[in-house]
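Novice: Take this structure, written in structure tokens, and hold onto it; I'll ask about it next.
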Amino acid sequence: MTTPTALFIGGNGIISSAVSRLAIERGYDLTLLNRGTDSTRPRIEGARHLSGDASDPASLRAAIGTNSYDVVVNFRSFVPASVQADIDLFSGRTGQYVYISSASAYQKPVAKLPITESTPLHNPWWQYSRDKIASEDVLVAAYRNSGFPATIVRPSHTYDRTLIPLDGGWTIVDRMRRGEEIVVHGDGTSLWTLTHNTDFAKAFVGLLGHPAAVGDTFQITSDEALPWDAIATILANAAGVEPKIVHVSSDEIARAIPEWGPGLLGDKAHSVVFDNSKVRRLVPEYVATTPFWRGAREIVAWYDEDAARRRVDDALNAKLDALVAAHR
């Protein structure tokens, strides 16, 4: 039996590192293309490594040369022009091209739950999401017009031990440990789905090389949907404290901290519950087995291992203090 070959553009990030390791474990001859080494995650052992810039078509073409692959996955494509460049480069050179889109592309507010792959795509608040939608459109047209073997995958807030799922990162955990109030949007009851990267990888690798996945779209998430107050509390408990939560409307938070606005108003402020039955039809063994309470312990332990990781943003603290003071 021939060993399947795969090229991952990006391959050492939060999602892709877990996928890379599992793909190697499952027998793939894996090549990773990156600009450099991510110091927060160790080098992927057992993979070939190429240097190139995924955002520069000429750099990508030069790095790959004349190679062909059974599967190509681009973890580093964010705009339609990059997708078109990949279509031009990989047409006739791969049996499957997998594009990492985003569940944030789904209609906001969501008209009905659970979200499925047929939920409309529309996000007027977040340019990132609109670029993902436009990129999907390019791939769908290429599949319909020329048979380009595209598969689209939509993750939703996939994390590993390095990613704190609350906006503000370690600054928020530090506030909780110091007994300071934290801000949670709305009334804290909207539902959110967090997926551990090792769980995501199990479903994702199962789609690689699967003939029925070509020309189709799949979302991959956990089945655990938690209220935001519960997410904050679980993270605080992992850090050894009880949180002091102040509820502030999403609009007010977006005005006070504009950099949080698009992702909050265009995604996190809305309840999301996902139906994963479609991916399970192709990967029936897929089960997400890492609940967030366990993932939260991994996160806190990783940050506690090294003081250099526990960076506090004083400017953000000042903004949060002002929001808390206004709503005490």
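The values are calculated or read from the model by the stated rules, or taken from the named source; none is laboratory data. Values in this document were obtained by computation on a predicted structure and should not be read as measured data. For neighbour counting, all protein chains shown are included, and Cβ atoms are generated from backbone atoms with ideal geometry for every residue, glycine included.
Novice: Please go through segment 65-109 and give me each residue that is among the polar types (S, T, N, Q) and either over 21 Å from the mean Cα position of the chain (by Cα) or farther than 27 Å from Trp126 by Cα (or both), ordered by number.
Specialist: Across segment 65-109, the qualifying residues are Thr66, Asn67, Ser68, Gln84, Ser91, Thr94, Gln96.
Novice: Criterion first (modelled with pLDDT of 95 or more, part of a strand (DSSP E or B) and assigned by TED's automatic domain parsing to the domain that holds Phe148) does Val19 satisfy it?
Specialist: No, not satisfied.
Novice: Same structure again: Within segment 2-60, can you find the residues that are under 11 Å from Phe75 (Cα atoms) and among the hydrophobic types (A, V, I, L, M, F, W, C)?
Specialist: Leu7, Phe8, Ile9, Ile14, Ile15, Val19, Leu32, Leu33, Ala54
Novice: Considering only segment 128-145, I want to know if a residue exists there that is surrounded by 21 or more Cβ atoms within 10 Å (Cβ to Cβ) and not in a helix (DSSP H, G or I).
Specialist: No, every residue in segment 128-145 fails to be surrounded by 21 or more Cβ atoms within 10 Å (Cβ to Cβ) and not in a helix (DSSP H, G or I).
Novice: Please determine whether any residue of segment 31-42 is part of a helix (DSSP H, G or I) and of a type in the set (Gly, Ala, Ser).
Specialist: Within segment 31-42, none of the residues are part of a helix (DSSP H, G or I) and of a type in the set (Gly, Ala, Ser).
Novice: On to the next question. Would you mind stating whether Asp306 is more than 22 Å from the chain's Cα centre (by Cα), of a type in the set (Asp, Glu) and more than 22 Å from Thr198 (Cβ to Cβ)?
Specialist: no
Novice: Moving to a separate point now. Return a yes/no flag: does segment 182-192 have any residue that is aromatic (Phe, Trp, Tyr), more than 25 Å from Val72 (Cβ to Cβ) and in contact (Cβ under 8 Å) with a residue 60 or more places away in the chain.
Specialist: Yes, that holds for at least one residue.
Novice: Ok, one more. I'm trying to understand the selection: among the residues of segment 56-103, which are within 20 Å of Gly27 (Cα to Cα) and of a type outside the set (A, V, I, L, M, F, W, C)?
Specialist: Scanning segment 56-103 gives Asn67, Ser68, Tyr69, Asp70, Asn74, Thr94, Gly95, Gln96, Tyr97.
Novice: I'd like the full set of residues that are crowded, with 23+ Cβ neighbours inside 10 Å, among the hydroxyl-bearing types (Ser, Thr, Tyr) and part of a strand (DSSP E or B), limited to segment 194-237.
Specialist: Hit for segment 194-237 is Thr195, nothing else.
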